[in-house]
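One structure, as structure tokens, below. Some questions next.
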Amino acid sequence: SEDMKRCMADNEVKLKLTMEELTKTRSTTMTMEEELEMLRDQLDAAKIKGEEADKSAAAALAEAISETKKVLAEKQETEQKACTLEFELEAVKAELAAVKESA
């Protein structure tokens, strides 16, 4: 029927959009994890410096901790979005399967 075809087309569009958003979210998460790793490496390098560099290392440490907290918060938000998108994707897949079964 025409309604079923339209419904299936709508579900396929929803699935595609959800997959695109999930891909973007995962990419963002990976970038943030790379940034976090880079910040941790910078922090380790700052710790290795001598006593004279301690003042600048302390400033870098404070900045790295601030950035790490920011990145971790963004990462958590991105992971929550990814989880939501995965849930939505499963729902769309189930709905699409149900439509296909009833076709």
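Kindly express, to the nearest 10 degrees and within the range 0 to 90, the angle between helix 2-48's C-alpha long axis and the longest C-alpha principal axis of the chain.
Between the helix axis and the principal axis of the chain, the angle is about 10 degrees.
Then there is this: Counting Lys and Arg as +1 and Asp and Glu as -1, what is the net charge of the other residues whose Cβ lies under 11 Å from the Cβ of Ala82? Please report the intermediate quantities before stating the final value.
Numbers: positive: Lys24, Arg26, Lys75, Lys81; negative: Glu21, Glu77, Glu79, Glu86, Glu88.
After counting each charged neighbour, the total is -1.
Right, something else. Relative to the compact-globule scaling 2.2 N^0.38 Å, provide the ratio for the alpha-carbon radius of gyration of the chain.
On the way: Rg = 22.4 Å, N = 103, 2.2 N^0.38 = 12.8 Å.
Dividing the Cα radius of gyration by 2.2 N^0.38 Å gives 1.75.
Only Cα pairs under 8 Å and at least 6 apart count here; give the relative contact order of the stretch 1-79 as a rounded whole percent.
Values: 29 pairs, mean separation 31.3, N = 79.
Reported as a whole number, the value is 40 percent.
When the chain is treated as a GNM, springs tying every alpha-carbon pair under 10 Å, which of Lys55, Lys47, Lys93 comes out with the largest mean-square fluctuation?
Most flexible of the set in this elastic network: Lys55.
Would you calculate a helix-derived [θ] at 222 nm for the chain, using -39,500 (n - 2.57) for each DSSP H run of n ≥ 4 and dividing by the full residue count, to the nearest 500?
Working: 2 runs with 96 residues, N = 103.
Result for the chain: -35000 deg cm²/dmol, rounded to the nearest 500.
Hey, another quick one. How high is the FRET efficiency between Cys7 and Met38 when r is their beta carbon distance and R₀ equals 41 Å, given to the nearest 0.05? All intermediate terms of the calculation are to be shown ahead of the outcome.
Values: r = 46 Å, r/R0 = 1.13.
Computed FRET efficiency for Cys7 and Met38: 0.30.
Where does each of Met4, Met38 land when they are ordered by accessible area, with a 1.4 Å probe and the largest first?
Working: Met4 55, Met38 100 Å².
The most accessible residue leads, giving Met38, Met4.
While we're here: Could you state the angle between the C-alpha long axis of helix 54-102 and the longest principal axis of the C-alpha atoms of the chain, as a value from 0 to 90 degrees rounded to the nearest 10?
10
Still on this structure: Could you compute the FRET efficiency for Glu20 and Glu67, with r as their C-beta to C-beta distance and R0 at 25 Å, rounded to 0.05?
Details: r = 29 Å, r/R0 = 1.14.
Efficiency for this residue pair is about 0.30.
The values are calculated or read from the model by the stated rules, or taken from the named source; none is laboratory data. Remember, predicted model here, so these are calculated numbers, not experimental data. Every residue, glycine among them, receives a Cβ derived from its backbone with ideal geometry; neighbour counts consider all protein chains shown. For accessibility, only protein heavy atoms count, side chains too; no ligands or nucleic acids. Shrake-Rupley method; radii C 1.70, N 1.55, O 1.52, S 1.80 Å.
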